[in-house]
1. In whole percent, what relative contact order does region 2-145 give with Cα contacts below 8 Å and a gap of six or more residues?
2. Among all lysine pairs in region 2-145 that are eight or more places apart or on different chains, how many have alpha carbons less than 20 angstrom apart?
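Since every read-out is calculated from the coordinates, none of them should be taken as a lab result. These numbers come from a predicted model, not from an experiment.
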Amino acid sequence: MLTQIFIGMVLIGITVMFHAVALHKIFKYIVRLEISWLRHLRLEKAFVLAAVVLAVFCVLIVEIWVWALLYHFTDIHDIPDLETALYFSTAMFTTLGSGDVMLDKGWRLLGTIEGANGFLLFGWSTAFIFEVVSKVYSREGKTIEQ
């Protein structure tokens, strides 16, 4: 059990740090983009927001793959191939759960740790997207008021 908790905490640390850096980079890029050429091209805000959502989605996909690669390349599981590892990881990370693929009894706690990790990172992503939408449209409100 302690081994599962240790491995889970290491992966949580990796995915949280990656998530923090990636969201920071996305935000800085959008701010830079908006300040530079976005204003001159008058691109629709919807395209910018769609790009942000897609970028965040890609970040989450990378994190799911990190867990899937752990399941695939270690002997701590009962998962036969990479596709099954990815399927199981996606089901756990999204908290959907999986009844047809299960970890061995000695390692099943690791799947629940991944679920908690995914739950928190999806929540963080939702809050981030909400903040970006608020910032993008708050500037529009200030322009209309003036």
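1. Values: 102 pairs, mean separation 39.4, N = 144.
Result for region 2-145 is 27 percent.
2. Summing the qualifying lysine pairs gives 6.
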